[in-house]
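Report on the structure given below.
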Amino acid sequence: MVLKTNNLWDGLERTRNSFFGQIATLCGASDITDETWDDLEALLIQADVGVETSLSLVGAVKDTVARRGITQSSDMTDIVKQEMVASLNGHHRPLSINQKRLLTVILVVGVNGSGKTTTIAKLAHYYQQAGQRVTLAAADTFRAAAIDQMKIWGERVGATTVAHQPGADPGAVVFDAIKSSQARGATMVIIDTAGRLHTKYNLMKELEKLRSIAARQVHQAPHETLLVLDATSGQNSLSQARHFKESVDITGVVLAKLDGTAKGGIVFAIAQDLGVPVRFVGTGEGLDDLAEFDPQTFVDGLFAPQ
């Protein structure tokens, strides 16, 4: 699949022009001092990289600088970028789309307002463009608006939507969506889920139930469980991620609304603090504004060309 590098570059404009632009300025033609490290650490934290991850990155850069005998901050930029890529590569892995598998099942979770419904539409469009035949399962039956939105998006992207009435059993929607896909020869089912239930226990039990129904119909399903996070929520997104990770086996994150924040450093915090790979990033409001995540391309996008 083709990585939309231009979309990613555009989506990172705010982040690139703010904190990471200041990091590039910091790596100017001057001697490296203790203040250099303090400033680098402060800028990373302000960019939502996270305290622990920022300390780890600065430590790694510091060690490399000392090992190579570098004294000028102008020689530091490439090292900073290399360590950033390395920190993401440790957790990065491709999405489990096996071309030999008859049907791939993707469960999508996230709180209401995170951009989950739009992200599902973008994913459906992305995979339809890549040759997959996609079915959308409107299993967020707690909100009538969610069902209606899923139907509208399904029509726009050319995907079949399986939906029941508001208040219906979400498990029945998943069951019917998989059966429908198998009957029509579809190759992918993307399942929307409730963004919020009354308690964490209810959320966990509901998601466990949907996973169990999927597994009974398709071997090893769901093959991916993607958590949609709102990049503009910063560290609040990280708290949400921890909550969902405790409740369900998340295999990856889709970071929505990346173009709307100057703190794209949250990607590093997600990878390091949670050990969960970022799989896609949302780079705008259009259906094509979704980029498959690649650590090197992402880090390059944080810095203006030298």
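Among the residues of the stretch 162-202, those identified as surrounded by fewer than 23 Cβ atoms within 10 Å (Cβ to Cβ) and either in contact with a Phe, Trp or Tyr (Cβ under 8 Å, 6 or more places away or on another chain) or basic (Lys, Arg) (or both) are Pro166, Gly167, Lys179, Arg184, Ala194, Arg196, Leu197, Lys200. Is there a residue being outside any loop (DSSP other than H, G, I, E, B), crowded, with 22+ Cβ neighbours inside 10 Å and under 19 Å from the mean Cα position of the chain (by Cα) anywhere in the stretch 138-146? No.
Taken over the stretch 65-90, the residue count meeting the criterion of being more than 17 Å from Phe303 (Cα to Cα) and surrounded by fewer than 18 Cβ atoms within 10 Å (Cβ to Cβ) is 9. Does Leu8 qualify as being part of a helix (DSSP H, G or I) and crowded, with 19+ Cβ neighbours inside 10 Å? For Leu8, the condition - part of a helix (DSSP H, G or I) and crowded, with 19+ Cβ neighbours inside 10 Å - is met. Of the residues making up the stretch 14-64, those that are touching an Asp or Glu at 6+ places or on another chain (Cβ under 8 Å) and more than 27 Å from Leu258 (Cα to Cα) number 1.
Out of the residues in the stretch 70-129 that are touching a strand residue (DSSP E or B) at 6+ places or on another chain (Cβ under 7 Å) and basic (Lys, Arg), state the one that is nearest to Thr283 (Cα to Cα). Per the stated criteria, the residue is Lys122. Of the residues making up the stretch 76-86, those that are in contact (Cβ under 8 Å) with a residue 12 or more places away in the chain, assigned to a helix (DSSP H, G or I) and out of contact with any helix residue (DSSP H, G or I) (no Cβ under 6 Å at 6 or more places or on another chain) number 3.
Taken over the stretch 27-49, the residue count meeting the criterion of being modelled with pLDDT under 90 and either surrounded by 14 or more Cβ atoms within 10 Å (Cβ to Cβ) or at positive phi (or both) is 1.
Is at least one residue of the stretch 112-128 in contact with a Leu (Cβ under 7 Å, 6 or more places away or on another chain), surrounded by 18 or more Cβ atoms within 10 Å (Cβ to Cβ), in contact (Cβ under 8 Å) with a residue 40 or more places away in the chain and hydroxyl-bearing (Ser, Thr, Tyr)? Yes, the stretch 112-128 has at least one match.
Report whether or not Arg143 is more than 16 Å from Pro222 (Cα to Cα), at pLDDT 95 or above and among the basic types (Lys, Arg). When the stated conditions are applied, Arg143 does not pass them.
When Arg211 is tested against (1) of a type in the set (Lys, Arg); (2) surrounded by fewer than 18 Cβ atoms within 10 Å (Cβ to Cβ); (3) touching a residue at least 24 places away in the same chain (Cβ under 8 Å), exactly one condition is not met: (2).
The set of residues in the stretch 37-70 being under 25 Å from the mean Cα position of the chain (by Cα) and part of a loop (DSSP other than H, G, I, E, B) consists of Ala47, Asp48, Val49, Gly50. Among the residues of the stretch 57-64, some residue qualifies, meaning at least one is in contact (Cβ under 8 Å) with a residue 12 or more places away in the chain, within 28 Å of Phe244 (Cα to Cα) and crowded, with 22+ Cβ neighbours inside 10 Å.
If the condition is being modelled with pLDDT of 75 or more, over 25 Å from Gln296 (Cα atoms) and in a loop (DSSP other than H, G, I, E, B), then the stretch 91-111 contributes Arg101, Leu102, Leu103, Gly110, Val111.
Taken together, Gly264, Gly260 contain a single residue that is closer than 22 Å to Gln22 by Cα, surrounded by fewer than 21 Cβ atoms within 10 Å (Cβ to Cβ) and touching a helix residue (DSSP H, G or I) at 6+ places or on another chain (Cβ under 9 Å), which is Gly260.
The values are calculated or read from the model by the stated rules, or taken from the named source; none is laboratory data. Remember, it's a predicted structure, so these values are computed and weren't measured experimentally. Glycine also receives a Cβ, built like all others from the backbone with ideal geometry; neighbour counts cover every protein chain displayed.
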